[in-house]
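**Q** There's a structure below that I have some questions on.
The values are calculated or read from the model by the stated rules, or taken from the named source; none is laboratory data. For clarity, every value in this text was computed on a predicted model and none was experimentally measured. Here the Cβ positions follow ideal geometry from the backbone for every residue, glycine too, while neighbour counts run over all protein chains shown. Calculation scope for accessible area: heavy atoms of the full protein, side chains included, ligands and nucleic acids excluded. Shrake-Rupley method; radii C 1.70, N 1.55, O 1.52, S 1.80 Å.
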Amino acid sequence: MTELLSPISATLAPYLACQRWYIAYSGGLDSHVLLHFVWRLRQEALRAGKPFPELCAIHVNHQLQADSLHWAAHCASTCNEYGIAIDVRAVSIEGRGQGVESLARAARYKVFEDIVDERSVLLMAHHQDDQAETFLLRLMRGAGAAGLAAMPVSRPLGRAMLFRPLLNMARSQLEAYAAYHCLESIDDPSNRDPQYRRNFLRHRVMPVLAEVWPAYRHSIARAAELQAETNNLLSAYLSADVTAISDADGSLDLKALMKFDALRQRAVLRHYVLQHLEIRLDRAQSEELVGQFLHSSPDSQPVFELNNGMTIRSFRGRLSCERDPAEYVFDRGLVRDWDGRQACLISGLGRLSVKAGGEFVPRGKITVRFRSGGERCRIAGHAHSRPLKKLLQEWSVPPWKREVLPLIYCDDEIAAIADIAICEGFQAAFGEPGLSLRWLLSR
């Protein structure tokens, strides 16, 4: 069984520069094999006097089984035997409209994102059989190329990366490895319950497939790879479309989108939402978006609400993805002193940051405030002051954004309106170093 260690070592080689390897460790056979693999790799490195990343396991207790505390203790004991640190986290599975599997997965990945930092990588023990099951599950849901690409070998995970070093290995290989090394693993009885669709595939469908197509795992893995290539190529074309019809502020020009055919309109809208919200819309949702935003009257301001507090809105022919304004809870009467050097965080709202190289020059004591009504200011280069309300309207700032724009005051005079405009007297003169402002709403 030593022959498996060499390809695993080669697969993991690009991640040797990471400070820490986290292993998603459920205690089941697959994750125990992965844990044993990386433990052996560390042992070889230590014997050779070579540096090796720190190892740490993460065990998520979903609290769905009576033996869950026992399983957590077993994982802690195993890691202690290998000299590997372990972080055990308990989660509560709550929510509606989704199955237990989906809710547990969301809770588990939330834990992973909270723990694994940008200097580390999370290793997961998904294998070729898992990939085949994922492909068929998504096929039965009517997924397109992105869904049928199934699980990627690697992908971003919050601040870090997720990597699946066993994805090209069959479960039978892992079972043989575990038997050879006498690895004790947890047997979760829920993995045999056919009411879960993945288990139904695993125990009822896959054995039948294997009778006629013994190499079905390889065939499905290849199909998933081809779908991933197709999706990557399509994403590149759609990204170019989105860029071509987007404004500097990231909003989408609906008039330009109208020039595309119906199929391309839906695809571009789906990709735009995916880029901005990391939400993948289905066909029905994308058709509804087309109906609401492309076939509505020019004066309407439709709102498409998503179930995570995000909204899709349009104003004056521009589409944008926004957090629901009602979710922003902050002190509108706030007067915040600011040094103009460090980022200014507005709790519940957003972040105002600065960097060198812009045209804003603060003069006097700086404070950050919000609209209370009746403000006037004179924009740099203009002869007269004007009502801020009128200026925001002329600049086509959407109504829902006007109340959450920070105003930068210097000695009680408006010096800048967020990162939109600089007022007279606060613009850098020729050769004078200035600052660049950046206002970012939180999500």
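**Q** Just to be sure I understand, how many residues within region 162-180 are surrounded by fewer than 17 Cβ atoms within 10 Å (Cβ to Cβ) and of a type in the set (D, E, K, R)?
**A** Residues that pass the stated criteria total 1.
Quick grid of which residues meet (1) open to solvent by 80 Å² or more (accessible area, probe 1.4 Å); (2) modelled with pLDDT under 90; (3) over 19 Å from ILE414 (Cβ atoms):
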| residue | (1), (2), (3) |
| --- | --- |
| ARG313 | no, yes, yes |
| LYS365 | yes, no, no |
| CYS377 | no, no, no |
| SER385 | no, no, no |
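**Q** If you take the residues of region 90-117 that are modelled with pLDDT of 90 or more and open to solvent by less than 60 Å² (accessible area, probe 1.4 Å), which of them is farthest from CYS18 (Cα to Cα)?
**A** Selected residue: VAL91.
Residue-wise test of (1) of a type outside the set (D, E, K, R); (2) in contact with a helix residue (DSSP H, G or I) (Cβ under 7 Å, 6 or more places away or on another chain); (3) assigned to a helix (DSSP H, G or I); (4) open to solvent by 90 Å² or more (accessible area, probe 1.4 Å).
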| residue | (1), (2), (3), (4) |
| --- | --- |
| HIS218 | yes, no, yes, yes |
| LEU238 | yes, yes, yes, no |
| PHE260 | yes, yes, no, no |
| ALA267 | yes, yes, yes, no |
| HIS271 | yes, yes, yes, no |
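**Q** Just checking, how many residues over region 274-284 are in contact with a helix residue (DSSP H, G or I) (Cβ under 8 Å, 6 or more places away or on another chain) and either aliphatic (A, V, I, L, M) or under 27 Å from GLY158 (Cβ atoms) (or both)?
**A** Initial filter on region 274-284 (in contact with a helix residue (DSSP H, G or I) (Cβ under 8 Å, 6 or more places away or on another chain)): 275, 279-281, 283.
If we keep only those that are either aliphatic (A, V, I, L, M) or under 27 Å from GLY158 (Cβ atoms) (or both) as well, we get 275, 279-281.
Total meeting the criteria: 4.
**Q** Would you check if there is a residue in region 281-296 being open to solvent by less than 30 Å² (accessible area, probe 1.4 Å) and on the phi > 0 side of the Ramachandran plot? I'd like the intermediate steps shown before the answer.
**A** Of the residues in region 281-296, the ones open to solvent by less than 30 Å² (accessible area, probe 1.4 Å) are 281, 286, 289-290, 293-294.
Those still in the list that are on the phi > 0 side of the Ramachandran plot too: none.
No, every residue in region 281-296 fails to be open to solvent by less than 30 Å² (accessible area, probe 1.4 Å) and on the phi > 0 side of the Ramachandran plot.
**Q** Answer with yes or no whether ARG42 is closer than 20 Å to ASN191 by Cβ, part of a helix (DSSP H, G or I) and charged (D, E, K, R). Please lay out each step first, then the result.
**A** Numbers: closer than 20 Å to ASN191 by Cβ: no; part of a helix (DSSP H, G or I): yes; charged (D, E, K, R): yes.
The answer is no for ARG42.
**Q** While we're here: Mind checking which pairs have a first residue in region 49-66 that is among the hydroxyl-bearing types (Ser, Thr, Tyr) and a second that is open to solvent by 10 Å² or more (accessible area, probe 1.4 Å), Cβ under 7 Å, 6 or more apart or different chains?
**A** Taking only residues 6 or more apart or on different chains, not a single pair turns up.
**Q** Oh, and also: What's the total number of residues in region 1-39 that are outside any helix (DSSP H, G or I), closer than 25 Å to ALA76 by Cα and open to solvent by 10 Å² or more (accessible area, probe 1.4 Å)?
**A** First, the residues of region 1-39 that are outside any helix (DSSP H, G or I): 1, 16-28.
Among the residues that remain, those that are also closer than 25 Å to ALA76 by Cα are: 16, 18-28.
Filter again for open to solvent by 10 Å² or more (accessible area, probe 1.4 Å), leaving 16, 18-20, 22, 24, 26, 28.
The qualifying residues number 8.
**Q** What is the residue count in region 303-352 for residues that are in a strand (DSSP E or B) and more than 22 Å from GLU278 (Cβ to Cβ)? Even if it seems obvious, please write down each step before you answer.
**A** Taking region 303-352 first, the residues in a strand (DSSP E or B) are 303-305, 310-315, 318-323, 336-338, 344-346, 350-352.
Restricting the remaining residues to those that are more than 22 Å from GLU278 (Cβ to Cβ) gives 315, 336-338, 344-346, 352.
Here the count works out to 8.
**Q** OK, next. Restricting attention to region 413-430, report how many residues are open to solvent by 10 Å² or more (accessible area, probe 1.4 Å) and touching a Leu at 6+ places or on another chain (Cβ under 6 Å).
**A** 2
**Q** Look at region 240-258 and say how many of its residues are in a helix (DSSP H, G or I), touching a helix residue (DSSP H, G or I) at 6+ places or on another chain (Cβ under 8 Å) and hydrophobic (A, V, I, L, M, F, W, C). Outline the logic, then answer.
**A** Keep residues of region 240-258 that are in a helix (DSSP H, G or I), which gives 240-244, 254-257.
Filter once more, so that each one left must be touching a helix residue (DSSP H, G or I) at 6+ places or on another chain (Cβ under 8 Å): 241-242, 244, 254, 256-257.
Next, only the ones that are hydrophobic (A, V, I, L, M, F, W, C) stay: 242, 244, 254, 256-257.
The qualifying residues number 5.
**Q** Find the strands (runs of 3 or more DSSP E) located wholly in region 109-179 whose residues include 2 or more that are touching a residue at least 12 places away in the same chain (Cβ under 8 Å), and list them. Walk me through it before giving the result.
**A** Working: elements: 120-123, 154-157, 160-163.
Fully inside region 109-179 and qualifying: 120-123, 160-163.
**Q** Given the conditions (1) open to solvent by 30 Å² or more (accessible area, probe 1.4 Å); (2) part of a loop (DSSP other than H, G, I, E, B); (3) under 25 Å from ALA106 (Cβ atoms); (4) not charged (D, E, K, R), and given that GLN227 satisfies all but one, which numbered condition is not satisfied?
**A** Here GLN227 meets the rest and fails (2).
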